[in-house]
Amino acid sequence: MPMNKKILFLIVVFGVIAITIYNFQGASTNTVGYEEKVLASRTEKNIEFKEAEDSPLTEEQKPIFNSLSYFPVAEKYRVNAEFHRNSREQYHRWESTCVLCLWECSFSFGG
C-alpha cells in the first residue's frame with residue numbers, strides 16, 4: 001500500500017475513533033433526554049448528509065433529500081459504552097496494515 005494510502009487510512013481510523021469517543025462522552029445511564037438526544041443527532045446527520053461537499057448525494061438529489069430512514073427510537077436498543085485508555089499499547093497486524101490500539105471499550109445493551 002503506498003504511503004499516501006496508509007496515511008489516509010490512519011487518518012480515517014483515528015477520525016472514527018475520535019468521533020466515537022466524542023459521541024459517547026455525553027452517554028450515561030441517565031435516560032432523561034435520551035430520545036431528544038437521538039433525534040437531535042439524527043437531524044444533525046441529515047443536515048450534514050444534505051449539505052456536505054463530500055455527501056454521497058448527487059447535486060440533483062440534495063434539493064429533494066429530506067431524511068435518512070431511521071427505526072423509531074427505542075430505549076431497549078441503547079448502547080452504554082465506556083472507553084478507557086489501554087494500559088498497554090498493542091499493535092494488531094492484518095494482511096495489509098498495522099493498527100495501534102490505545103483504547104479499550106466495555107458496553108452493555110438495553111438502556
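The values are calculated or read from the model by the stated rules, or taken from the named source; none is laboratory data. Note that the structure is a prediction, hence the values are computed from the model and not measured. Neighbour counts run over all protein chains shown; Cβ positions are idealised from the backbone, glycine included.
Within segment 19-46, the only residue that satisfies the criterion of being hydrophobic (A, V, I, L, M, F, W, C), in a helix (DSSP H, G or I) and at pLDDT below 70 is PHE24. Taking each residue of segment 65-87 that is under 17 Å from PHE49 (Cβ atoms) and looking for partners that are basic (Lys, Arg) with beta-carbon atoms closer than 6 Å, six or more apart or interchain, yields PHE65/LYS50; TYR70/ARG42. Tell me, yes or no, whether segment 89-97 has at least one residue that is assigned to a loop (DSSP other than H, G, I, E, B), of a type in the set (Gly, Ala, Ser), exposed (fewer than 10 other Cβ atoms within 10 Å of the Cβ) and modelled with pLDDT of 65 or more. Checked segment 89-97: no residue is assigned to a loop (DSSP other than H, G, I, E, B), of a type in the set (Gly, Ala, Ser), exposed (fewer than 10 other Cβ atoms within 10 Å of the Cβ) and modelled with pLDDT of 65 or more. Scanning segment 29-52 for residues that are of a type outside the set (S, T, N, Q) and more than 19 Å from the chain's Cα centre (by Cα), we see that the one that is nearest to ILE19 (Cα to Cα) is GLY33.
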